[in-house]
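Participant: Here it is, the structure in full.
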Amino acid sequence: MRRIVIVLLLLAATPLFAFDRQSNADYRSRRERLAAKLGKGTLVLFASTESEGPNALHGFRQNDDFFYLTGWREPGAALVVAANPYREILFLPAHNLSQEKWTGPKLGADSSDAASATGFERVDVLDHLRDELVKILPSPVAQVYTDLSDSGETASTIPIAWLRRANAFPNYISFADAKTPIAELRLIKDAGELTLLRKACDATVEAHKAAMRAVKPGVSEGEISALMQYEFQRRGCEMPSYSPIVGSGFNSTVLHYSANGGTMKSGDLVVMDVGGEYSMYAADVTRTLPVNGHFTDRQREIYDIVLGAQQAAVDAFVAGTSTIKGGDHALYRVAQEYINTHGKDLHGEPLAKYFIHGLGHYVGLAVHDVGSYAGALQPGTVFTIEPGIYIPEESLGVRIEDQYLVGEDGKLVCLTCAIPKKAEEVERAMAKK
Ligand code: GLY
Ligand code: MN
Ligand code: MN
């Protein structure tokens, strides 16, 4: 008995939701596949620096491409990968002990577990990056793939600035964009990524279900936003994947409404576009609810048209042929056509003009993930289908958004459809307080 108690105590002391990192082998295989794409080129990529965190509220977040290739979440690192023969080095910044007092201890290249913790056979100190590049880059002509949009000279990117100056010597170094070949890899999610995306979606599903029980007249939009963040963060998400949108009444027609400052009134609709990020992977989901638990006839009419448009896009989907937008097989066109041939506004006009955004986007490490919307949707891609109708004149906005995976068999798998969606299911879920 005592042993069971000790085991239980130990389990209780273990954080239930540590960050889920994929295996070192997964990240290494991405680097190898990238190297094969780069041919004679050499990749030089930099981590975000601590001062550049995208959002002060949630703290440091690693650059998506850097994380994708390394699984490394600490700031200020650099990555070099070259093929023929394959070489890779992870460079870590020298310790800054006074900063570590503020932001926590960091792993250094001198740590005995640097190789096992990172999965790199070679981990070196960032100060050596320049000398190593001189050794690795083939002479007389070298092609360096890097993030060309990163013009800042932070501590870690200074060697690239130096290389650019060295490029004053003609025919020595040319720079190429690393984002495109990395995006080609990121577009198709591997099994480990799908596990993380599912966890982001599962936690977000529970957040939306909790919101359905909590929405009622007199509750503020901010309270629902806070409740949803609580629900997905207690299930392991580290932060929202984007600014949560909870907009009721007229605010339901404002696409990127994120003030969430209103109070919900009986007779209004509320659009809740809220999703959590789990171990860097995003969920992006929208549901629209009648604040008092019952759609009016007009709200129901518009709601059913938006739902019908989403279903029409799902029904039209053919793996390897359909696109999000562009070409003859765009799902956008299917949804738009559905909206334009169902219902009317108060002036008898068709509704397509109130569908004012795209139908969807890829989702992965970024909520609006890399990938061409004109590309045919292949197995392993994850994307949203999110039609909406926004009629400011009627203070009536409806968006329904779910996240889908194209399965290996080419069939669409909805990752978020466990959230009630048909109008009567929504009303039933809201009645369960
Ligand atoms: N939440 C942002 C979007 O739906 O694209
Ligand atoms: Mn979206
Ligand atoms: Mn969304």
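Participant: Just checking, how many residues over segment 346-364 are more than 16 Å from ligand 3 (Cβ to nearest atom), in a loop (DSSP other than H, G, I, E, B) and not acidic (Asp, Glu)?
Facilitator: Residues meeting the conditions: 5.
Participant: Of the residues that make up segment 379-391, is at least one at positive phi and in contact with an Asp or Glu (Cβ under 8 Å, 6 or more places away or on another chain)? Reasoning before the result, please.
Facilitator: Let us first name the residues in segment 379-391 that are at positive phi, namely 380.
Now drop any that are not in contact with an Asp or Glu (Cβ under 8 Å, 6 or more places away or on another chain), which leaves 380.
Yes.
Participant: Test Thr195 against the stated conditions and say whether it is within 15 Å of the chain's Cα centre (by Cα), open to solvent by less than 10 Å² (accessible area, probe 1.4 Å), of a type in the set (Ser, Thr, Tyr) and at pLDDT 95 or above.
Facilitator: Values: within 15 Å of the chain's Cα centre (by Cα): yes; open to solvent by less than 10 Å² (accessible area, probe 1.4 Å): no; of a type in the set (Ser, Thr, Tyr): yes; at pLDDT 95 or above: yes.
In short, no.
Participant: Moving to a separate point now. I'd like the residue in segment 262-312 that is among the charged types (D, E, K, R), more than 16 Å from ligand 1 (Cβ to nearest atom) and in contact (Cβ under 8 Å) with a residue 60 or more places away in the chain and, out of all such residues, is least open to solvent (accessible area, probe 1.4 Å). It would help to see each step written out before you state the result.
Facilitator: Within segment 262-312, the subset among the charged types (D, E, K, R) is 265, 268, 273, 277, 284, 287, 297-298, 300-301, 304.
Narrowing the set further to residues that are more than 16 Å from ligand 1 (Cβ to nearest atom) leaves 265, 268, 297-298, 300-301, 304.
From the residues that got through so far, the ones that are in contact (Cβ under 8 Å) with a residue 60 or more places away in the chain too are 268, 298, 300, 304.
Values: Asp268: 36, Arg298: 56, Arg300: 80, Asp304: 59 Å².
Among them, the one singled out is Asp268.
Every residue, every condition in (1) among the small types (Gly, Ala, Ser); (2) at positive phi; (3) open to solvent by less than 10 Å² (accessible area, probe 1.4 Å); (4) within 16 Å of ligand 1 (Cβ to nearest atom), yes or no:
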residue: Gln336; (1), (2), (3), (4): no, no, no, no
residue: Glu349; (1), (2), (3), (4): no, no, no, no
residue: Val367; (1), (2), (3), (4): no, no, no, yes
residue: Gly397; (1), (2), (3), (4): yes, no, yes, yes
residue: Asp409; (1), (2), (3), (4): no, no, no, no
residue: Leu412; (1), (2), (3), (4): no, no, no, no
residue: Ile419; (1), (2), (3), (4): no, no, yes, yes
residue: Ala423; (1), (2), (3), (4): yes, no, yes, no
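Participant: Mind telling me which of the residues Tyr145, Tyr68 ends up being open to solvent by less than 70 Å² (accessible area, probe 1.4 Å), in a helix (DSSP H, G or I) and in contact with a helix residue (DSSP H, G or I) (Cβ under 8 Å, 6 or more places away or on another chain)?
Facilitator: Values: Tyr145 fails: in a helix (DSSP H, G or I).
Answer to the selection: Tyr68.
Participant: Please work out if Phe175 is within 30 Å of the chain's Cα centre (by Cα), over 27 Å from Arg21 (Cβ atoms) and either open to solvent by 40 Å² or more (accessible area, probe 1.4 Å) or not small (Gly, Ala, Ser) (or both). It would help to see each step written out before you state the result.
Facilitator: Working: within 30 Å of the chain's Cα centre (by Cα): yes; over 27 Å from Arg21 (Cβ atoms): yes; either open to solvent by 40 Å² or more (accessible area, probe 1.4 Å) or not small (Gly, Ala, Ser) (or both): yes.
Taking the combined requirement at face value, the residue satisfies it.
Conditions (1) of a type outside the set (D, E, K, R); (2) without any contact (Cβ under 8 Å) to a residue 60 or more places away in the chain, marked per residue:
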residue	(1), (2)
Val334	yes, yes
Glu337	no, yes
Tyr354	yes, yes
Gly360	yes, yes
Val363	yes, no
Ser372	yes, yes
Phe383	yes, yes
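Participant: Any idea how many residues of segment 313-334 are within 16 Å of ligand 2 (Cβ to nearest atom), open to solvent by less than 40 Å² (accessible area, probe 1.4 Å) and not β-branched (Val, Ile, Thr)?
Facilitator: The qualifying residues number 3.
Participant: Can you pull out the residues in segment 376-411 that are more than 16 Å from ligand 2 (Cβ to nearest atom) and closer than 20 Å to Gly320 by Cα?
Facilitator: Matches in segment 376-411: Ala376, Gln378, Pro379, Gly380, Val406, Gly407, Glu408, Asp409, Gly410, Lys411.
Participant: Related question: In segment 214-243, how many residues are among the hydroxyl-bearing types (Ser, Thr, Tyr) and either away from ligand 2 (no atom under 16 Å from the Cβ) or over 25 Å from Tyr281 (Cα atoms) (or both)? Before you say what the answer is, go through the steps one by one.
Facilitator: Just the residues of segment 214-243 that are among the hydroxyl-bearing types (Ser, Thr, Tyr), to begin with: 220, 225, 230, 241-243.
Then drop every residue that is not either away from ligand 2 (no atom under 16 Å from the Cβ) or over 25 Å from Tyr281 (Cα atoms) (or both), which leaves 220, 225, 230.
Qualifying residue count, segment 214-243: 3.
Participant: When you look at Thr321, is it in a strand (DSSP E or B) and of a type in the set (S, T, N, Q), yes or no? Spell out how you get there, then give the answer.
Facilitator: Numbers: in a strand (DSSP E or B): no; of a type in the set (S, T, N, Q): yes.
Taking the combined requirement at face value, the residue does not satisfy it.
Participant: Would you check if Ile400 is more than 13 Å from ligand 3 (Cβ to nearest atom), under 18 Å from Arg287 (Cβ atoms), in contact with a strand residue (DSSP E or B) (Cβ under 9 Å, 6 or more places away or on another chain) and not acidic (Asp, Glu)? Give the derivation first.
Facilitator: Working: more than 13 Å from ligand 3 (Cβ to nearest atom): no; under 18 Å from Arg287 (Cβ atoms): yes; in contact with a strand residue (DSSP E or B) (Cβ under 9 Å, 6 or more places away or on another chain): yes; not acidic (Asp, Glu): yes.
Judged against the criteria, Ile400 is not a match.
Participant: In segment 56-72, is there at least one residue being over 20 Å from the mean Cα position of the chain (by Cα) and at pLDDT 80 or above? Quick ask: steps written out before the conclusion?
Facilitator: First, the residues of segment 56-72 that are over 20 Å from the mean Cα position of the chain (by Cα): none.
So far as segment 56-72 goes, no, none of its residues is over 20 Å from the mean Cα position of the chain (by Cα) and at pLDDT 80 or above.
Participant: Okay, moving on. Test each condition in (1) in a loop (DSSP other than H, G, I, E, B); (2) farther than 22 Å from Gly71 by Cβ; (3) touching a strand residue (DSSP E or B) at 6+ places or on another chain (Cβ under 7 Å) for Ala211 and report the one that comes out false.
Facilitator: (1)
Participant: Scan segment 252-290 for residues that are assigned to a strand (DSSP E or B) and within 16 Å of ligand 2 (Cβ to nearest atom) and jot them down. Spell out how you get there, then give the answer.
Facilitator: Our first condition is that a residue be assigned to a strand (DSSP E or B); within segment 252-290, this holds for 263, 269-273, 276-278, 281-282, 286-290.
Matches in segment 252-290: Val271, Met272, Asp273, Gly276, Glu277, Tyr281, Ala282, Thr286, Arg287, Thr288.
Participant: Can you name the residue in segment 93-115 that is out of contact with any Leu (no Cβ under 8 Å at 6 or more places or on another chain) and touching a residue at least 12 places away in the same chain (Cβ under 8 Å) and is also most open to solvent (accessible area, probe 1.4 Å) among such residues?
Facilitator: Residues of segment 93-115 out of contact with any Leu (no Cβ under 8 Å at 6 or more places or on another chain): 95-105, 110-112, 115.
Restricting the remaining residues to those that are touching a residue at least 12 places away in the same chain (Cβ under 8 Å) gives 95, 99, 103, 110.
Values: His95: 79, Gln99: 75, Thr103: 68, Asp110: 122 Å².
The residue in question is Asp110.
Participant: On to the next question. Does segment 376-384 include one or more residues that are among the β-branched types (Val, Ile, Thr) and either assigned to a loop (DSSP other than H, G, I, E, B) or more than 16 Å from ligand 3 (Cβ to nearest atom) (or both)? First the steps, then the outcome.
Facilitator: The first filter runs over segment 376-384 and keeps only residues among the β-branched types (Val, Ile, Thr), leaving 381-382, 384.
This time we only want the ones that are either assigned to a loop (DSSP other than H, G, I, E, B) or more than 16 Å from ligand 3 (Cβ to nearest atom) (or both), so: 381.
Checking segment 376-384: at least one residue is among the β-branched types (Val, Ile, Thr) and either assigned to a loop (DSSP other than H, G, I, E, B) or more than 16 Å from ligand 3 (Cβ to nearest atom) (or both).
Participant: Being in contact (Cβ under 8 Å) with a residue 40 or more places away in the chain, open to solvent by 30 Å² or more (accessible area, probe 1.4 Å) and more than 19 Å from His368 (Cβ to Cβ) is the filter here; which residues of segment 215-250 pass it?
Facilitator: Listed by number, the residues that qualify are Lys216, Pro217, Gly218, Ser220, Gln229, Gln233, Arg235, Phe250.
The values are calculated or read from the model by the stated rules, or taken from the named source; none is laboratory data. Since the model is a prediction, treat every value here as computed from it, not as a measurement. For neighbour counting, all protein chains shown are included, and Cβ atoms are generated from backbone atoms with ideal geometry for every residue, glycine included. Please note that ligands, DNA and RNA were not included when accessible areas were found on the heavy atoms of the full protein model with its side chains. Shrake-Rupley method; radii C 1.70, N 1.55, O 1.52, S 1.80 Å.
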